[in-house]
Each structure stands twice: as structure tokens, then as C-alpha cells.
Amino acid sequence: MLKIAYAPEYCYPLPEGHRFPMEKYELIPQQLLREGTVAEDSFFVPQPIEEQWILTTHTEQYWHDLRTLQLSDKMVRRIGFPLTEQLVQREIIIAQGTIDCCHYARKYGVAMNVAGGTHHAYADKGEGFCLLNDVGIAANYLLKTELSKKILVIDLDVHQGNGTACIFEKEPRVFTFSMHGKDNYPLHKEKSDLDIELATHTQDETYLALLAAHLPALIEEQKPDFLFFISGVDVLGTDKLGKLSLTKEGCKKRDEMVFHYARQSQLPIVVVMGGGYSKRLAAIVEAHCNTFRLAETMYFQ
């Protein structure tokens, strides 16, 4: 069955008017259950991650400053969330959720985290609503435990996965592929193993053609044995922080394409949600839910 990581802690209370749509983390599971896409036993609750796995990816100094709430005011501003013990607890549960998904993906072909995709977190700092790099931690977990020898990170969030690119810059066993808006945050881009920069207002046809041209070729060339997919829905034309012009159907076809190539190559895939900042919360939730619906349909029906 489709296994999905979710915990109540995912929905962290933010100040009134904050631009991050935290409510989506409660609404996605509710919608999937209400419509019958999945049942209650699809969901599992991750426990807080063990410190040793955080330290495979993040520096001791950064982790110390984060867990003791001693990050500089400047870094807290760059992260964009009020720093509290509750927020740190949220992050370490999400990171463990992504690790747990790796085991389920190896068993069932696919597993998903309702949160995650915190690709702006570097080894020694956080930014852009990202504190711990969950995909980075999970990838290093797979390598350290010898469950994987070659990993492909497929980052299709509208923003470049700068933190992930930097973390794995000198790690040949992890190939980072980021397809993102050229003129979007972050202003300073890192160098992924493959960056596809998209012009502002790129639409479905161009986007999907580029993905189709590169993804199967990457799988063939790199021969990964494990995939991570950051499925941000901030590629939508309705997104406040994105500058692309994909339709909801185009975003759905993107996800379908990724699942198709993963299945075709018989590669386990872990999906994490990434960003989504459309003005209507319902549009964000619907686009994210499409990713879950496709996984359920393509793998389990």
C-alpha cells in the first residue's frame, strides 16, 4: 500500500498573516482520507530523528545552535519562521519521516512524506523556510547504511535546491538535478550536477518537453538505485512566489512523468512535497493531492 509520513507536529503555528501556508499539512491528509484515495492505515507517524543522522549532513556547530535556539537573528530572519523548541521538534520528525519513507519505498516502490523537501538548508545554515535538509539527511542515511550506492535527486520545486547542491557538491554517489525558475529565489544559485534554468512564464508544453528530454537520459546515464523527488507545486501559474506558468494539469503530468520513469526503471522513489504558495490554499492542496492520487493509482491499482 501507499505509505505516507505525517504527524500533527507538521502543522506549526505561525503568526497571523504569515505568508507560509502551514495549514496545507493538515488539509492534505484530510482531503485524501475524505475522498477515499487512501485509508487511515496508509499514514504512519515518524518519531524524532537520532542526532547521528543529522550530523551526517549538518555541522555540529549548526545543529548545536539550532537545538539550543542560539541561531543568530540574521539567520532566523533568513529562515523565515519564529525559532522555538516546537519548530525544531517539527523538523526532526519530518527528517525521520523521509528516512522512514526510504524503507517503505524499497518495499513498495514508492513512499511519500506530507512535508519535507527542505532543499534550501545547507550543512551549516538554514534559509528559505528550511532548517534541516531532509533529503540530504535521508540520502546520507542510505549511503551510510549501504542501502544505496547511487542516488538521483529530482528537484522540480520552482526554486533551485541550493542547499542540496552544496551539500553533495563533492559526493559522486549523489547526483543533484534541479529544474527551476532562472529569475527566482535564490538570487545566488549553487551548481547542481545538472541545472535546467527556466525562463519566467514557462508553460506546460516547454516544461514537460524539457523534463522528458532530460530525466530518462539521466536515469540511463547515472544508473541510480534510488530516487528522491521534490514535487513542489510552486511551479503553478497561480503561485505568489514562483514565476512559471504551469497549469494544474501540467503539474499533474509532470508528476505522472516522474512516476512513469521510476516505475519503468524499477527504482524506489521517495516523494517529498516542497513548496506551494498560490493565493488560494485550496489550489495548493489540490495540486499536492494530485501527486498522492497518481502514486496510489500508478503503483497500487
For the range 137-246, Rg(Cα) over 2.2 N^0.38 Å is 1.07
Counting only complete DSSP H runs, which helices of the chain cover 18 Å or more along their long axis at the Cα atoms and score a mean Kyte-Doolittle of -0.5 or above? 85-108, 204-222, 281-300
Considering only the other residues whose Cβ falls under 9 Å of the Cβ of Cys166, what net charge follows from Lys and Arg at +1 and Asp and Glu at -1? -1
Viscosity 1.567 mPa s, temperature 4 °C: what is the translational diffusion coefficient of the range 72-163 from Stokes-Einstein with a Kirkwood Rh over Cα pairs, rounded to a whole number of µm²/s? 93 µm²/s
Roughly how many Å is it from the Cα centre of the range 247-293 to that of the range 79-98, as a whole number? 23 Å
Using Cα-Cα distances under 8 Å and only pairs 6 or more residues apart, what relative contact order does the range 30-177 have, in percent? 23 percent
Treat every Asp and Glu Cβ in the chain as -1 and every Lys and Arg Cβ as +1, leave all other atoms uncharged, and give the resulting dipole magnitude about the Cα centre to the nearest 20 debye. 300 debye
Label point 7 Å out from Glu249 along Cα-to-Cβ: which residues of the range 195-211 have amide N under 14 Å? 204-205
Rounded if a/c is under 1.5, else prolate if a/b beats b/c, else oblate: with a ≥ b ≥ c from the C-alpha gyration tensor eigenvalues square-rooted, which is the range 166-301? oblate
Carbon/sulfur accessible area of the chain, % of total, 1.4 Å probe, equals 48 percent
For log10 I(q)/I(0) by the Debye sum over Cα atoms at q = 0.13 Å⁻¹, the choices are [x] -0.93; [y] -0.84; [z] -1.04; which was calculated from the structure? [y]
Rounded, prolate or oblate: which fits the range 235-301 when a ≥ b ≥ c are the square roots of the eigenvalues of the alpha-carbon gyration tensor, with rounded for a/c under 1.5 and prolate only if a/b beats b/c? prolate
Shape call, the range 73-232: gyration tensor on alpha carbons, a/c limit 1.5: oblate
Taking a probe of 1.4 Å and leaving out DNA, RNA and ligands, the range 1-77 shows per residue an accessible area in Å² of 56 Å²
Cross-link list Lys191/Lys240; Lys74/Lys144; Lys144/Lys243: which exceed 27 angstrom alpha carbon to alpha carbon? Lys74/Lys144; Lys144/Lys243
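The values are calculated or read from the model by the stated rules, or taken from the named source; none is laboratory data. Since we're looking at a predicted model, the values are computed, not measured. All Cβ positions, glycine included, derive from the backbone under ideal geometry; neighbour counts span all protein chains shown. The protein model used for the area step is the full one, side chains on, heavy atoms only, and it has no ligands, DNA or RNA in it. Shrake-Rupley method; radii C 1.70, N 1.55, O 1.52, S 1.80 Å.
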